[in-house]
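Working notes, beginning with the structure itself.
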Amino acid sequence: MKLRNAAVFFILVPTLTPALDPLSTSVLMGSAAVAWQLLSSQSWLKCSLLECCNMKDTLNFSVIKMDLDRKVFGQHLAIQIVLRALSANMHSKRPRKPLVMSFHGWTGTGKSFVSSIIAENLYRLNIPRRKFVHHFSTVLHFPHLSHTHLYKEQLQNWIRGNVSACPRSLFIFAEMDQMPHGLIDSIMPFLGYHEEIDGVYYGKAIFIFLNNAGGDKITEIALDYWRSLKRREDIPVKKLQSLLSEEIFRNRNSGFFHSQLIQKNLIDYFIPFLPLEYKHVRQCVREELRVQGHPEDEDLIAEIALAMTDYPSEERLYSSKGCKTVASRVALSI
């Protein structure tokens, strides 16, 4: 219908402009062509200027790697796994299933930050990012346990509708440790190995779960390595991922308690976010000073980082809040 209307429009334009000189007619025709391209939902011109969903089958991995390396501190394991996972999904013309990642670690270690960097690199403009990146807060969107059945239906409809409109949709679920039991299992059909479900293809969608559950186990392992004089960089990823899947499956406060998503191996990557040490908090403070437009002050950086490094009580090796309160501490200290 749109193409037929366009054809009629371009046929009629010359007949409607007999009094115009050739230059004016050419300008009018050119303007009409540009207008039609901008009005068309998936035109090459509109997508090149404004970003469309169907243009996001590639990702600039050098840029996203630079963003992660420059902005995220102390999370070499998480960065490696995230880049590997995104690369495998993006390089497949038709992935067999959606990419499903579960981020685990203490608060302030960078889980939300990494998910936002992924979203920003997937859709670099704010308008398409608001259309194709969907954030769910358990406290905000699923606050009442008695409404869990209704939430399940709403969640299924929301995902189905948005993936229908944009196969390369990104769904981020925060506060998974407060998710009502069984709610997340309602999206299980969309995460499996299906060619299509009711005519909708889900293989290009990306799902990210943010979870504080498992953070204590990650910290325990990191602390054991430190006490054994081993580097945190040498912690084996496979060991952590295996322990995480077992931990959150048994943990009533994980959002994945006895979840079918784990039983059926639908979560592709359990990604550990290590606790942040003094040196990492220093990096956070230094970056925050830059963001707030202040000069570097080594004494202030050391003061804030030392005050935040509080766990365990004897060694004071890690920040129990990560870098969560760095921005407010910097603002109060200037």
Requested in this report: Work out how much length Asn126 to His181 would gain on full extension: take 0.36 nm times their residue separation and subtract the Cα-Cα distance, in nm to one decimal.
Outcome: 16.5 nm
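GluC sites (Glu not before Pro) within region 134-241: which are DSSP loop residues with at most 15 other Cβ atoms inside 10 Å?
Details: sites: Glu153, Glu175, Glu195, Glu196, Glu220, Glu233; in loops: Glu175, Glu195, Glu196.
Here the sparse-neighbourhood loop sites are Glu195, Glu196.
Grab the other residues whose beta carbon is less than 13 angstrom from that of Val139, score K and R as +1, D and E as -1, and report the net.
Surrounding charge for Val139 is -2.
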Query raised in the report: Could you give the radius of gyration (one decimal) and Dmax (whole number) of the Cα atoms in region 64-132, in Å?
Result: 12.7, 36
Report task. Pop out the ³J(HN,Hα) list for region 111-117 in order, Karplus 6.51 cos²θ - 1.76 cosθ + 1.60 with θ = phi - 60°, rounded to Hz; leave Gly and Pro as x. Result -> 4, 5, 5, 5, 5, 5, 5
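Give me the Kirkwood hydrodynamic radius of region 204-277 in Å, from all C-alpha pairs, to one decimal place?
Radius from the Kirkwood sum: 13.2 Å.
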Query raised in the report: Amide H to amide H under 5 Å from Leu276: which residues, 5+ apart in sequence or cross-chain, H placed 1.01 Å off N in plane?
Result: Ser319, Gly322
**Report entry** Gain upon complete extension [Ala88, Arg290; 0.36 nm per residue less C-alpha separation]
**Finding:** 69.3 nm
Requested in this report: Enter the Cα centre distance for the pair region 193-258 and region 298-328, rounded to the nearest angstrom.
Outcome: 25
Query raised in the report: Whole-Å semi-axes of region 273-334's equivalent ellipsoid, largest first, each the root of 5 times a Cα gyration tensor eigenvalue?
Result: 20, 11, 9
Report summary line: So, over other residues within a Cβ distance under 14 Å of Ile197, counting Lys, Arg +1 and Asp, Glu -1, the net charge is +1
Report summary line: So the carbon and sulfur contribution to the accessible area of region 220-334, 1.4 Å probe, in percent, is 48
Report task. Compute the length gained on full extension between Glu153 and Met188: take 0.36 nm times their separation in residues and subtract their Cα-Cα distance, giving the result in nm to one decimal. Result -> 11.3 nm
Report task. Treat each spin label as a single point 7 Å out from the Cα along the C-beta direction, and report the Lys264 to Ser313 distance in nm. Result -> 4.6
Query - log₁₀ of I(q)/I(0) at q = 0.16, 0.18 Å⁻¹ - region 96-156, Debye sum with one point per alpha carbon - result: -0.77, -0.93
Query raised in the report: Modelled label-to-label distance, Asn60 and Ser242, 7 Å Cα→beta-carbon offset: nm?
Result: 4.0
Query raised in the report: For q = 0.17, 0.18, 0.19 Å⁻¹, what log10 I(q)/I(0) does region 49-193 give under the Debye formula with an equal point scatterer on each alpha carbon and no solvent?
Result: -1.10, -1.22, -1.34
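The values are calculated or read from the model by the stated rules, or taken from the named source; none is laboratory data. These figures come from a predicted structure and were not determined experimentally. All Cβ positions, even for glycine, are placed from backbone atoms using ideal geometry, and neighbour counts span all protein chains on display. Areas reflect the complete protein model, heavy atoms only, side chains present, ligands, DNA and RNA absent. Shrake-Rupley method; radii C 1.70, N 1.55, O 1.52, S 1.80 Å.
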